[in-house]
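The values are calculated or read from the model by the stated rules, or taken from the named source; none is laboratory data. These numbers were taken from a predicted model, which means no experiment stands behind them. In this analysis, Cβ positions are derived from the backbone assuming ideal geometry, glycine residues included, and neighbour counts consider all displayed protein chains. Surface accessibility is based on the protein's heavy atoms, side chains included, excluding ligands, DNA and RNA. Shrake-Rupley method; radii C 1.70, N 1.55, O 1.52, S 1.80 Å.
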Amino acid sequence: MREPYDVIIAPVVTEKTTAQMESSLYTFLVNTRANKHEILRAVESLWDVKVRGVRTMRYGGRAKRALLGRMAKNWNLGRTPSYKKALVQLADGDEIDFYEAG
């Protein structure tokens, strides 16, 4: 079993996910090998909340290329890293505060 800090990498804070937080739906970047049970236990132990459900999505890395000059013969082909996202639905009345003033 993985440690909670090894499972949860970072919260995803965008305009869309901030709007979803009002309905107790939080988005996290997670370890690509973590399963739903590990994600559930990690969120419950880190923030002391009750999780109602977990949905996961995998995103493959996209191909990218960089041209090293106008007439370069060798293009550097590469990929962006693959990642996994988890949507976590909390129980009614629970919330996670990412912006704690302290």
Original post:
So, in the stretch 74-102, of the ones that are open to solvent by 100 Å² or more (accessible area, probe 1.4 Å) and not charged (D, E, K, R), which residue ends up modelled with the lowest pLDDT?
Top reply: Gly102
Subject >> From the options Arg65, Arg33, Arg55, residue that is modelled with pLDDT of 95 or more, open to solvent by 50 Å² or more (accessible area, probe 1.4 Å) and farther than 16 Å from Asp6 by Cβ >> reply: Arg55
**OP:** For the stretch 13-30, name all the residues that are part of a loop (DSSP other than H, G, I, E, B) and surrounded by fewer than 16 Cβ atoms within 10 Å (Cβ to Cβ).
**Re:** Val13, Thr14
Original post:
Do the conditions hold for Met71, that is, is it modelled with pLDDT of 95 or more and of a type outside the set (D, E, K, R)?
Top reply: no
